[in-house]
1. If you go through segment 122-153 one residue at a time, how many are part of a loop (DSSP other than H, G, I, E, B) and either without any contact (Cβ under 8 Å) to a residue 12 or more places away in the chain or open to solvent by less than 20 Å² (accessible area, probe 1.4 Å) (or both)?
2. Out of curiosity, is L6 open to solvent by less than 40 Å² (accessible area, probe 1.4 Å), without any contact (Cβ under 8 Å) to a residue 60 or more places away in the chain and either of a type outside the set (V, I, T) or part of a helix (DSSP H, G or I) (or both)?
3. Filter segment 137-179 for residues that are touching a Ser or Thr at 6+ places or on another chain (Cβ under 9 Å) and not small (G, A, S) and give the result.
4. If I ask for residues that are within 21 Å of the chain's Cα centre (by Cα) and open to solvent by 60 Å² or more (accessible area, probe 1.4 Å), which ones from segment 92-103 would you list?
5. Just to check your reading of the model, which residue among S24, S54 is surrounded by 13 or more Cβ atoms within 10 Å (Cβ to Cβ), of a type in the set (S, T, Y) and under 26 Å from G134 (Cβ atoms)?
6. Please verify whether segment 104-121 includes one or more residues that are assigned to a helix (DSSP H, G or I), surrounded by fewer than 13 Cβ atoms within 10 Å (Cβ to Cβ) and either modelled with pLDDT of 95 or more or at negative phi (or both).
7. So I173 fits all but one of (1) of a type in the set (A, V, I, L, M, F, W, C); (2) modelled with pLDDT of 95 or more; (3) open to solvent by 10 Å² or more (accessible area, probe 1.4 Å); (4) under 30 Å from T48 (Cβ atoms); what number is the exception?
Amino acid sequence: MNMRLLLVRHPRPDIDAHLCYGCSDVAVAQQELLRVRDALLAAGLPRTLPTYASPLSRCAALARALDPPQLRFDARLAEMDFGAWELRSWDAIPRLDIDAWAEDLLHYRPGGAESVLDVARRVAAFLDDLRGAGHPEALVICHAGTIRLLRALYKKQPLEDAALEAARTPHHIPYGDMLVLKD
């Protein structure tokens, strides 16, 4: 069955842009939340789609604000867990650690937490379940890393290839932006 998938990145979080915040639960300012919601609706986002969202508040708040008829929160959509790097300035993370991650994008565990391959496994499991649900289209509200993985996995390439493609792709996904994937 063909499926159309609408991916929306959460609104800009209310946090210093120089911090690594991965899976930390950071809030979104109400004004920003309403701006993104209104922009999505003005762009024609259907309000009737089954909606899946990361449970992190920057995604969950937008999902609730859109008031879809079916809303499910799924932890597999959360951003990568950066462990000890969470809420630290990127400048405070030792260069040797950043270089070690760059040398082994798939398996290195930034901050001692998840690797890109770990995240790819959980996002792939979500996508498999979503495909199995039989929806002709669905809305997913999540994070830039998750969106890059979903985009790579949507091509049905091997897991490690998709994870590496996602890790190597600069995200350039603006906050509140929508990307449409079609089978």
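The values are calculated or read from the model by the stated rules, or taken from the named source; none is laboratory data. Please read these numbers as outputs of a predicted model, since none were measured by experiment. Quick reminder, even Gly has a Cβ in these numbers, built from the backbone with ideal geometry, and neighbours come from all protein chains shown. These accessible areas exclude ligands, DNA and RNA; they are computed on the full protein's heavy atoms, side chains included. Shrake-Rupley method; radii C 1.70, N 1.55, O 1.52, S 1.80 Å.
1. Taking segment 122-153 first, the residues part of a loop (DSSP other than H, G, I, E, B) are 133-136, 143.
Pick out the ones that are also either without any contact (Cβ under 8 Å) to a residue 12 or more places away in the chain or open to solvent by less than 20 Å² (accessible area, probe 1.4 Å) (or both) and you get 143.
Of the residues in segment 122-153, 1 are part of a loop (DSSP other than H, G, I, E, B) and either without any contact (Cβ under 8 Å) to a residue 12 or more places away in the chain or open to solvent by less than 20 Å² (accessible area, probe 1.4 Å) (or both).
2. No: the conditions fail for L6.
3. Within segment 137-179, L139, V140, I141, C142, H143, T146, R148, R151 meet the criteria.
4. Once the filter is applied, which keeps residues that are within 21 Å of the chain's Cα centre (by Cα) and open to solvent by 60 Å² or more (accessible area, probe 1.4 Å), segment 92-103 yields only A102.
5. Values: S24 fails: under 26 Å from G134 (Cβ atoms).
Going through S24, S54 in turn, the sole match is S54.
6. Residues of segment 104-121 assigned to a helix (DSSP H, G or I): 110-112, 116-121.
With surrounded by fewer than 13 Cβ atoms within 10 Å (Cβ to Cβ) added as a condition, the list becomes 112.
Remaining after also requiring either modelled with pLDDT of 95 or more or at negative phi (or both): 112.
Yes, segment 104-121 has at least one match.
7. Condition (2) is where I173 drops out.
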